[in-house]
Amino acid sequence: MTTTTDPLPRGARIDGLLLAGGRSRRFGRDKRRALLGGRTLADIAIAKLRAVVDGDLWIAGAGTFEARGRAFLVDDLVRGRGPLSGIAGGLMRTSFGILVLPCDVPLVGLDTLSALTRMARRCGRVVALRSMRGWEPLVAFYPRTAFPQIAAALREGQGAPHRLLERLGALALPVGRTDEMCNVNRVEDLTAASDARGDGRGLRRRERTKR
């Protein structure tokens, strides 16, 4: 278990990793390209990562997804082993650590991601969001030092990231808003996310109409 709390070195850059390799079976089509507020879920996540990291931006995920001009594609460490393999692929490229974000949690706030990166810089350890559901290992910071344990877990056939967090000595950052971890797995989830994003704007539009 990694339990050191040494901060990242001064000037260390945190890279961003977008997890975009899901098969979207429950969604019925490529959800990376699904639109929310006029932008694809992938574009929303990429913009958030760019806003909070100061290093490179990578995308883990095979298929026809186009990332040219916005980020670099990285290969999974072991194909077919899920998001943990994508995280390992990103850790192979980074010098200090990566902020991980999947494309299907579009309501995660920039303030939450910024707090996560600040906490990561202070402690230099794995830091993951923790919601009412428990650990959220795919919205997390992973330092380069976590790579050996993650690679070993993949070799042993252990592909579930949440099971590794305790072994990695992860620190938890509580999720501020209950809707932040709205996970878009189905079309109705996208509708719910759209409603959550548009509540305030809808109220203002109705108020203007009444006037």
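Before moving on, here are some points about what is shown:
- The calculated FRET efficiency for Glu156 paired with Phe72, based on their beta-carbon distance and R0 = 30 Å, is about 0.55.
- Both radii are taken from the alpha-carbon atoms of the range 65-175; with Rh as the Kirkwood radius, Rg/Rh is 0.94.
- Full extension of the chain between Ala196 and Asp6 yields a length gain of 64.6 nm, computed as 0.36 nm times the residue separation minus the alpha carbon distance.
- Gained length - Met119 relative to Glu166, 0.36 nm times residue gap less alpha-carbon distance: 15.2 nm
- Here r is the Cβ-Cβ distance between Glu188 and Met92 and R0 is 41 Å; the resulting FRET efficiency, rounded to 0.05, is 0.65.
- Between the amide H of Arg39 and any residue lying 5 or more places away or on another chain, no distance stays under 5 Å, with hydrogens modeled in the peptide plane.
- For Ala51 and Arg177, a Förster radius of 22 Å and the Cβ-Cβ distance give a FRET efficiency of 0.80, rounded to the nearest 0.05.
- Peptides ranked, highest mean first, by Cβ atoms within 10 Å: ranges 112-118, 93-99: 93-99, 112-118
- Converting phi to 3J(HN,Hα) with the Karplus coefficients 6.51, -1.76 and 1.60 and the offset θ = phi - 60°, the range 162-175 yields 5, 6, 8, 4, 5, 5, 7, x, 5, 9, 9, 10, x, 6 Hz in sequence order, with x at every glycine or proline.
- Descending by average beta-carbon neighbour count within 10 Å, the peptides 131-144, 168-181 line up as 131-144, 168-181, the highest first.
Each value in this text was obtained by applying a stated rule to the coordinates, not by laboratory testing. This one's a predicted model, so the numbers in the text were calculated from it and none came from an experiment. Note that each Cβ is placed from the backbone with ideal geometry, even for glycine, and that neighbours are counted across all protein chains shown.
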